[in-house]
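Below is one structure, written out as structure tokens, with a few remarks after it.
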Amino acid sequence: MKKYFILCIYSLILVLIPAYAQGVTINSPITVNQATQLPHNSWVILNGNIINALPGGINFTFRDPSGDVTVEIDRRVWRGLNIAPSELVQIHGELNQNRGLVSVRARVIVNSETIITRPGQTIVYTYPIPISEARTLPHDSWVILSGNIINVLPNGRHYTFRDSSGEMVVEIDPNVWRGLFINESDTVQITGEIIANRGQPSLVARVIRK
């Protein structure tokens, strides 16, 4: 049974951390070989090629000069991209260590086309944008926001995030914290996916950087 430690700072419950070994957040590209040495649930960035599809339709072989790793890519993660095996891409995602088998669950794929805006199509931003702009984007767009987490909402997994342009509700699962301790005065960068629900856009956080 998982146990949780709750840290309260300035009357905000901002961190909920499992008692097992924490993953780490890597902020710049690393090799496949380096990624395989990291703990389960670490956030990694890899540069290389998606060279083939594996049985099942959502798993692919990703290769860089240091080796290969299986990458799970859900259909929505492609966001309209068509990638050739010869095309260099960057994958951001979570490392999965399971009984000695290592894989990566991709959350975003970046190439030279991903920030081109097309009407009605999801967009990938590789730099911070204001909340006011994020609120106008299509469902499942990938964004980076910079600001402050100012309070926790009643269910304990949703928070109010604020920058100079406005506020947005952000959903943060316990494992996304990855051992990070913050308070309301800390400026943080949150990366994740826009959820457009009945005119009330929110963000599902995938990584938090202080």
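The values are calculated or read from the model by the stated rules, or taken from the named source; none is laboratory data. These numbers were taken from a predicted model, which means no experiment stands behind them. Reconstructed Cβ throughout: ideal geometry from the backbone, glycine too, with neighbour counts over all protein chains shown. Just the protein is used for accessible areas: all its heavy atoms, side chains included, with ligands, DNA and RNA removed. Shrake-Rupley method; radii C 1.70, N 1.55, O 1.52, S 1.80 Å.
Some points to look at:
- Here SER185 does not fit the description of being in a strand (DSSP E or B) and among the small types (Gly, Ala, Ser).
- Unique residue being within 27 Å of ASN33 (Cα to Cα), open to solvent by less than 20 Å² (accessible area, probe 1.4 Å), under 19 Å from the mean Cα position of the chain (by Cα) and modelled with pLDDT under 95 when the list is THR114, THR126: THR114
Okay, residues lined up against (1) touching a helix residue (DSSP H, G or I) at 6+ places or on another chain (Cβ under 8 Å); (2) open to solvent by less than 20 Å² (accessible area, probe 1.4 Å):
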{"position": "GLN22", "(1), (2)": "no, no"}
{"position": "ASN41", "(1), (2)": "yes, no"}
{"position": "ILE50", "(1), (2)": "no, yes"}
{"position": "ASN98", "(1), (2)": "no, no"}
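- Criterion: among the β-branched types (Val, Ile, Thr), in contact with a helix residue (DSSP H, G or I) (Cβ under 9 Å, 6 or more places away or on another chain) and open to solvent by 30 Å² or more (accessible area, probe 1.4 Å) - qualifying residue of VAL143, VAL102: VAL102
- Test result for TYR159, open to solvent by less than 10 Å² (accessible area, probe 1.4 Å) and of a type in the set (Phe, Trp, Tyr): yes
- Neighbours by Cβ (under 8 Å, 6+ apart or cross-chain): first from the stretch 128-139, on the phi < 0 side of the Ramachandran plot; second of a type in the set (Phe, Trp, Tyr): ILE131/PHE161
- Residues that are of a type outside the set (S, T, N, Q), part of a loop (DSSP other than H, G, I, E, B) and at pLDDT 75 or above within the stretch 1-55 comprise GLY23, VAL24, ILE26, PRO29, LEU38, PRO39, HIS40, LEU54, PRO55, listed in sequence order.
- Residues of the stretch 172-208 that are closer than 27 Å to GLN121 by Cβ, open to solvent by 30 Å² or more (accessible area, probe 1.4 Å) and under 12 Å from the mean Cα position of the chain (by Cα): ASP173, GLN189, ARG206.
- The number of residues in the stretch 152-210 that are under 13 Å from ILE131 (Cβ atoms), free of Cβ contacts under 8 Å to residues at least 40 places away in the same chain and touching a Ser or Thr at 6+ places or on another chain (Cβ under 8 Å) comes to 7.
- Residue count for the stretch 59-77 satisfying the condition of being at pLDDT 95 or above, part of a loop (DSSP other than H, G, I, E, B) and under 19 Å from the mean Cα position of the chain (by Cα): 1.
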